[in-house]
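The values are calculated or read from the model by the stated rules, or taken from the named source; none is laboratory data. Predicted model only: the values in this text are computed from it and were never measured. Here the Cβ positions follow ideal geometry from the backbone for every residue, glycine too, while neighbour counts run over all protein chains shown. For accessibility, only protein heavy atoms count, side chains too; no ligands or nucleic acids. Shrake-Rupley method; radii C 1.70, N 1.55, O 1.52, S 1.80 Å.
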Amino acid sequence: MFEFSLLSAMTFLPLAGVVIILFIRGEQEYVARNSRYVALFTSVFTFAFGLFMFLQFDSASAEFQFVEKSNWFKPFGISYHMGVDGISLFFILLSVFLTPICILASWESIKVRVKEYMIAFLVLETFMIGTFCALDTVLFYTFFEGVLIPMFLIIGIWGGQRRVYASYKFFLYTLLGSVLMLLALLTLYAQVGSTDIIVLMDNPVARDLQMWLWLAFFASFAVKMPMWPVHTWLPDAHVEAPTAGSVILAGVLLKMGGYGFLRFSLPMFPEASLFFAPMVYWLSIIAIIYTSLIALVQEDMKKLIAYSSVAHMGFVTLGIFTATTQGVEGGIFQMLSHGLISAALFLCVGVLYDRLHTREILRYGGLVKNMPKYATVFMIFVLGSVGLPGTSGFIGEFLSLLGAFQVDMLIAALASIGVVLGAAYMLILYRRVIFGVQVNKDAAGMPDLNNREYGILLSIIVLVLWLGLFPNVVLDRVSPSVDKLLTEYHSKLEVAAGFGNVIVGVEGEQVK
Amino acid sequence: MIDFNLLPLLPEIFLSLTAMGFLIVGVCRGHESMQVVSWASVLSYAFCGILLLSMSWDTEIVLNDMFKFDRFAGLMKLLILLGLIISVALSVRYLKQEGIARFEYPVLVTLAGIGMMLMVSSNNLLSLYMGLELQSLSLYVLASFNRNSLKSSEAGVKYFVLGSLSSGMLLFGISLIYGFVGSVDFGAIGNTLASLQNVPFGVTFGLVFILAGLAFKISAVPFHMWTPDVYQGAPTSVTALFAIIPKIAAMGLLIRLLFEPFASIADQWGQIIYFLSLASMIVGSFAAIMQENIKRLMAYSSIGNMGYALIGVVAGTQGGVAAVILYLIIYLVMTSGVFTVILSMRRDGSDYEKISDLRGMSQSNPVMAYAMAILMFSMSGIPPMAGFFGKLLIFEAAIAQELYILAVFGVLSSVVAAYYYLRIVKVMFFEEEGDAFDGDLPFARRIVLFVSVMFVLAFAIKPGLIVASTQGAASVLFAGL
């Protein structure tokens, strides 16, 4: 019985924390302190649920596990359907791991409206977990869109100078993409007669329709990812968001795009995916090279990391749309690794920002003298981001490139340029901030990491190295699902090629 | 044979009697009785609701086919009564604060309510017109209820002149229909039109006029001009009333008219409604961006919302009508909550209605600000709020009928609309603290606000009952087909 509702319990546990926080009354200081603790305990509990799920997860199976299903909108057959497979497992873990980290990272830096802040993060956690668990398109959309509300408030209330602009841009960009996806979901419902993701996967629609639907989904996921040229909200959102907001944005929200490609685009629209794959490749290449070049000239640390995120996500889309085992697994791995490393990099920037309240690279320099611990930790993450073997960053990039080489040599070669550029901007950033002469007195006087910061970053380092050295922890669990996904993908393509364009037709009736 | 079964009319009769009774009480007791009469009216609406629920909801046509009671009418009447309860409960404190506490107010609201209930039950073009006029005349008076205010008088006159024009058009349309079909009875019109091979030109012409008249009542573009001015000029409690109920009644009437007598010429009215819907959505969302006054903003918002609701009518299916009803239910609840907040925008005894007056409200009046934010997110259709599900089912109905262009414009304009709803959230949450509004909300407003926010938040948990009842109500309109 316990396992029966594991996913729901994990998804809605944070809301229980929200209810508790709502009832905290009293002095401002007292409310703030208690809200922090309640939020932390709730998210740690949720993380414990996540670990439990990880241990219970049957790594040999490609099927959805911990499945729950009940009626929701009865006349429409829309159901509350949750489940986890190898593809979503690690995104859920990433969400439940990063939330307590975010709450810890905001422990001191958020001073105003702490109660609301913690509520926003817990609500956000519910939506994030729900997005990755949902096996019904309407349920998925509900969670996927719901994320916008807390994130809008987090950027808008606790953000920097241009926070209003950034929060609007974030909200409207993503909403615009998503509403088109909503129409596509409804069209699928009208055609197939179901909103269940599993049913939709087994019933591909006609080729022409696939093209339109693919584009509608692409509009949503490409914005979320973000892919060039719809990435411009990301640097703004990152720069203005508070540290923890950037962490969750880079760590989890961007992954929803990639997850969407894997859950919807490839299995539901195989022919369209094949057709549009070259376009995705080229957009990815542009993202990788162009945004790397932009990152090279940034003077703002957060902006630099934000552009590097766009570049890293380029590898993900490239990997996924190669539709090879290595490419897809590499894409997933790259997302996980980027979720950890970029989150950590934003935390590192946050550490400096908390002390000096500026993100300008020029205002720092020579930090290795007064912050040796920080220098070490930061170096590990910079190298992880560069993709040094031994860190998780290496596995992801390597596998995606391996996938790309099987498909198109030119594309893969161009993407490899991005690896070099990535090393360039990250190492330059590191050199300018950490090494050199200490010209700024206030920067030279900053204290080193305190125990809280050290603890947070150390826990991420352990994961980055662990995944880098033992990638099979992830790959073993991911590969059955990916194999299933790709086998079905290729068989659907063969069927489509075999019968021309006539898999249209009567699926609707069959399902009903 | 004289048909004298008045049982289905019981709620209307009851309300008429109470309205007259309260009128006598008011005349005898003077204006101090406003409060008593108001709360007594609220009780009478509630009682009327219970009466309605205890009746048999089977279809019944009485008074020589003038009046029809069915599940659709029953549900719409329940909504109207709910709206009446909310709007009168919200008004009491406001009227006293504004110094316009006169007993005619609840009586006029009741009369308007009776008119609306007759509208959704009409089975004849003449009873339709009678209900509509009873409603409209009461509302004209209400709009100018604050007779010392120039703006309120202007709103009343404007509403009256334009309203009469639209009633004239409606009546002209009715006369054309009568001339070409030979009957004003819904059933007879339906049968005649269904039997015709070609629709006479006069019928189409008459239909256009009728639709123009009704489009005015639901303030669909291009007949929306009065809405912002009347919304702004009328006393805020009356604006709340305007926003909450007449739209629902007029939409109910429109649906009944289109799906019963004119069902067989759906291809004729389909294009008209299509255009009304598209134009309302676009104008509603773009024009609202520039507004500084929150009442005007809500006016454009209601125009846009009617545009979305009309999508379901265009779809022309049972699912579409059910989606419209659900949309109206959710719209009623959300609007009630929003107007509770707008009514409470008072400081030192005077009314504030600029959007910028909401500045920093999340600090000064956090409860109201959070309620408003939740309602705004719901209005812009962000899940998991109820507003999203209303839109979802509307678009589902549209997509099922392959109305892709309408759906695409619908979602795009909802993104534009999100911009101005977010602006209110922005002003409340992202801007520096402003002066606090008077914090002590009257009990009735607390209840309304709490219920509407809870409904918006919790709708997603168990939508089954409401969705099923809208389906049931819609099914009776399609039973004969």
Scanning the range B:394-413 for residues that are open to solvent by 10 Å² or more (accessible area, probe 1.4 Å) and assigned to a helix (DSSP H, G or I) gives B:Glu396, B:Ala400, B:Tyr404, B:Ile405, B:Val408, B:Phe409, B:Leu412
Exactly one condition in (1) at pLDDT 90 or above; (2) surrounded by fewer than 22 Cβ atoms within 10 Å (Cβ to Cβ) is false for A:Phe90; which is it?
(2)
Matching residues in the range B:430-451 (under 20 Å from B:Gln363 (Cα atoms) and of a type in the set (A, V, I, L, M)) number 3
Determine, yes or no, whether A:Thr131 is of a type in the set (Val, Ile, Thr), facing another protein chain (nearest Cβ under 10 Å) and open to solvent by less than 10 Å² (accessible area, probe 1.4 Å).
no
Pairs needed: first member in the range B:214-235, of a type in the set (Asp, Glu); second member anywhere, open to solvent by less than 10 Å² (accessible area, probe 1.4 Å); C-beta distance under 8 Å; at least 6 residues apart or different chains.
B:Asp229/B:Ala155
For the range B:47-56, state whether one or more residues are open to solvent by 60 Å² or more (accessible area, probe 1.4 Å) and part of a loop (DSSP other than H, G, I, E, B).
yes
Residues that are more than 29 Å from A:Leu266 (Cα to Cα) and of a type in the set (Phe, Trp, Tyr): which helices (runs of 4 or more DSSP H) entirely in the range A:332-449 hold 2 or more of them?
A:372-386, A:409-434
Report whether or not B:Ala323 is under 21 Å from B:Leu278 (Cβ atoms) and open to solvent by 10 Å² or more (accessible area, probe 1.4 Å).
no
With (1) surrounded by 15 or more Cβ atoms within 10 Å (Cβ to Cβ); (2) in contact (Cβ under 8 Å) with a residue 60 or more places away in the chain as the list, and B:Leu10 as the residue in question, which single condition is left unmet?
(2)
Residues within the range A:295-328 that are more than 23 Å from A:Glu271 (Cβ to Cβ) and either in contact (Cβ under 8 Å) with a residue 40 or more places away in the chain or not β-branched (Val, Ile, Thr) (or both), tallied
20
Just to check your reading of the model, which residue among B:Phe395, B:Phe478 is among the aromatic types (Phe, Trp, Tyr) and modelled with pLDDT of 90 or more?
B:Phe395
Output the residues belonging to the range A:148-173 that are open to solvent by less than 20 Å² (accessible area, probe 1.4 Å), within 17 Å of B:Tyr419 (Cα to Cα) and more than 10 Å from chain B (Cβ to nearest Cβ).
A:Pro150, A:Met151, A:Ala166, A:Phe170
Which one is farthest from the other protein chains (Cβ to nearest Cβ) among residues in the range B:414-446 that are among the hydrophobic types (A, V, I, L, M, F, W, C), in a helix (DSSP H, G or I) and in contact (Cβ under 8 Å) with a residue 60 or more places away in the chain?
B:Ala444
Among the listed residues B:Leu465, B:Leu412, identify the single one that is under 23 Å from the mean Cα position of the chain (by Cα) and either of a type outside the set (Val, Ile, Thr) or over 19 Å from B:Ser301 (Cα atoms) (or both).
B:Leu465
Failed item, numbered, when B:Gly349 is tested on (1) more than 14 Å from chain A (Cβ to nearest Cβ); (2) among the small types (Gly, Ala, Ser); (3) under 26 Å from B:Ala249 (Cα atoms):
(3)
Scanning the range A:8-35 for residues that are open to solvent by 40 Å² or more (accessible area, probe 1.4 Å) and either in contact with a Gly (Cβ under 9 Å, 6 or more places away or on another chain) or not in a helix (DSSP H, G or I) (or both) gives A:Phe12, A:Phe23, A:Arg25, A:Gly26, A:Glu27, A:Asn34
What is the one condition in (1) out of contact with any strand residue (DSSP E or B) (no Cβ under 6 Å at 6 or more places or on another chain); (2) modelled with pLDDT of 90 or more; (3) not basic (Lys, Arg) that B:Phe69 does not satisfy?
(1)
Are there any pairs, at least 6 apart or on different chains, whose C-beta atoms fall under 6 Å, with the first in the range A:197-216 and basic (Lys, Arg) and the second outside any helix (DSSP H, G or I), and if so, which?
A:Arg207/A:Asn501
Can you confirm whether A:Glu125 is facing another protein chain (nearest Cβ under 8 Å), closer than 30 Å to A:Phe66 by Cβ and surrounded by 23 or more Cβ atoms within 10 Å (Cβ to Cβ)?
no
Could you list, in sequence order, all residues of the range A:370-382 that are open to solvent by 50 Å² or more (accessible area, probe 1.4 Å) and either acidic (Asp, Glu) or more than 19 Å from A:Asn451 (Cα to Cα) (or both)?
none
Contact list please: Cβ distance under 6 Å, first residue in the range A:65-76 and within 14 Å of chain B (Cβ to nearest Cβ), second residue open to solvent by 30 Å² or more (accessible area, probe 1.4 Å), pairs at least six apart or on different chains.
A:Ser70/A:Tyr80; A:Trp72/A:Tyr80; A:Pro75/B:Gln471
Got a sec? Which of B:Ala460, B:Ala474 is in contact (Cβ under 8 Å) with a residue 60 or more places away in the chain, facing chain A (nearest Cβ under 9 Å) and open to solvent by less than 30 Å² (accessible area, probe 1.4 Å)?
B:Ala460
Hey, can you tell me all the residues within the range B:379-388 that are assigned to a helix (DSSP H, G or I) and at the interface with chain A (Cβ under 8 Å from one of its Cβ atoms)?
B:Phe388
Given A:Glu29, A:Glu68, which one is out of contact with any Cys (no Cβ under 8 Å at 6 or more places or on another chain) and over 18 Å from A:Met128 (Cα atoms)?
A:Glu29
